[in-house]
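The values are calculated or read from the model by the stated rules, or taken from the named source; none is laboratory data. These numbers were taken from a predicted model, which means no experiment stands behind them. Here the Cβ positions follow ideal geometry from the backbone for every residue, glycine too, while neighbour counts run over all protein chains shown. These accessible areas exclude ligands, DNA and RNA; they are computed on the full protein's heavy atoms, side chains included. Shrake-Rupley method; radii C 1.70, N 1.55, O 1.52, S 1.80 Å.
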Amino acid sequence: MERRWSNYINQNFGTRILSKWLVFCFDIVITIFTYGVAYILRYNFNIAIISFSTFVDNTFLTTLVFTASYLAFKTYDGIIRHSGEAEARRIVMSGMLATIVCLALSIIGRETGKPFLTLPASIAIIHTSINIAFLLFSRYVVKVLFYQATRNNAAAIPVIIYGAGRRGLSVMHTLRRDTNHNYQITAFLDDNPSK
């Protein structure tokens, strides 16, 4: 079963890149979902006391702010299977900016008496934490699944790397990312005994 799944991924998605607009839509869906979770958590799972119309208004406004933040930081613009620290930093920065904007809108809404701008600060903070965690976790899961599916299941090729410094580690990471061969790092050699 695993072999068939791996072959399917390789044949259909091996060289393709997931559409950035599909990733963008996925991020928006995650944002809406996590806002609902944050609302439920804030009210201690007591759904009866949540006003549905207020929830819908708050969800719409929050999603709009987060969407603008995603567009500003281009969190969707990258190859998910190769995502790393830079993408994670963009997701965190966009979440923080969106939260600051939501909190500012809430203050403005309270001062001007416009309830549709008033967002609960506790929900905004809970939402940001959950949303960033979900987005980072989803990127990581896609990366791991793609790596597992595209990894060559051929016999392992034993490799000994000369150099245990930065260059040796760079070679190790490059060999591990190679999906055409199944390299197995067996040892590092170095003329420096402290390494």
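How many of the residues in the range 35-77 are surrounded by fewer than 19 Cβ atoms within 10 Å (Cβ to Cβ) and not in a helix (DSSP H, G or I)?
Residues meeting the conditions: 8.
Among (1) at pLDDT below 85; (2) out of contact with any Lys or Arg (no Cβ under 8 Å at 6 or more places or on another chain); (3) surrounded by 12 or more Cβ atoms within 10 Å (Cβ to Cβ); (4) among the small types (Gly, Ala, Ser), there is one condition Ser19 misses while meeting the rest; what is its number?
(3)
Which residue is surrounded by the fewest Cβ atoms within 10 Å (Cβ to Cβ), if the candidates are limited to the range 157-187 and must be under 21 Å from Val144 (Cβ atoms) and β-branched (Val, Ile, Thr)?
Thr174
Scanning the range 93-114 for residues that are touching a residue at least 24 places away in the same chain (Cβ under 8 Å) and either open to solvent by 50 Å² or more (accessible area, probe 1.4 Å) or charged (D, E, K, R) (or both), which turns out nearest to Ala38 (Cα to Cα)?
Of everything passing the filter in the range 93-114, Met96 is nearest to Ala38 (Cα to Cα).
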